[in-house]
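The values are calculated or read from the model by the stated rules, or taken from the named source; none is laboratory data. Computed from a predicted structure; not experimentally measured. With ideal geometry, Cβ positions are generated from the backbone for all residues, glycine too; neighbour counts draw on all protein chains shown.
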Amino acid sequence: MRQMRKAKRQKDAAWALDVFDKAPYVTVSMTRPDGTPYGLPLSLVRSDEKTFYFHCANEGEKIDCIRLNPIVSLSAVSKCTPKYEEEKNNFTEYFHSAIALGKTELVEDRNEKALALRLLCERFLPKYMDHFDEALTRSLDRTTIVKITLTEHPVGKCKP
């Protein structure tokens, strides 16, 4: 029974990760220094079952929040279709969504930073990868990469 539950969690986690992969933006929620919530849609890329990356400036509210409390929540919707079901006289919405918790860290290793930027560009601008190396040379040292390592299995929900 325990193995069946573990297999189901892994299948559910894989489905949730697929939702994250298909979502154009993932809302990353963190805590401001004054304790208030701060959530914003970011362009994330996933490198494996537990690791996401995003890039940002070297300073600002995101960095302040992460330095204070590295724990974040991720949420994404990759499919969302409002629908009126005539036969039921019902308004509804079909969706695929996922959530996860993770811990952030600022990436210092130049190779890992370059890998994260490559993954981001391959995901969002694959047609322009022939310009990547030149852009990387110009921007690597002035770009901050944030790594999010999931601390528990992501979960998803859908209404087909």
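Things worth noting here:
- Any pair with Cβ under 6 angstrom, 6 or more apart, that starts in segment 88-101 at a residue that is in contact (Cβ under 8 Å) with a residue 12 or more places away in the chain and ends at one that is outside any strand (DSSP E or B) and of a type in the set (A, V, I, L, M, F, W, C): His96/Val19; Ala98/Ala16; Ala98/Val19; Ala98/Phe20
- Residue within segment 125-137 that is in a helix (DSSP H, G or I), under 30 Å from Cys158 (Cβ atoms) and either without any contact (Cβ under 8 Å) to a residue 60 or more places away in the chain or touching a Phe, Trp or Tyr at 6+ places or on another chain (Cβ under 6 Å) (or both) present: yes
- Any hit, segment 101-124, residues being at negative phi, part of a helix (DSSP H, G or I) and aromatic (Phe, Trp, Tyr): yes
- Inspection of segment 58-81 finds a residue satisfying the criterion of being over 26 Å from Glu108 (Cα atoms), of a type outside the set (Val, Ile, Thr) and surrounded by fewer than 16 Cβ atoms within 10 Å (Cβ to Cβ).
- Residue, nearest to Ala23 (Cα to Cα), within segment 82-113, restricted to residues that are of a type in the set (A, V, I, L, M, F, W, C) and surrounded by 14 or more Cβ atoms within 10 Å (Cβ to Cβ): Ala98
- Positions within segment 104-142 being farther than 16 Å from Phe52 by Cα and hydroxyl-bearing (Ser, Thr, Tyr), in sequence order: Tyr128, Thr137, Ser139
Here's the yes/no breakdown for (1) on the phi < 0 side of the Ramachandran plot; (2) at pLDDT below 90:
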site	(1), (2)
Lys11	yes, yes
Lys22	yes, no
Ser29	yes, no
Glu49	yes, no
His55	yes, no
Gly60	no, no
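- Per the listing Asn69, Asn89, the residue uniquely on the phi > 0 side of the Ramachandran plot and of a type outside the set (Gly, Ala, Ser) is Asn89.
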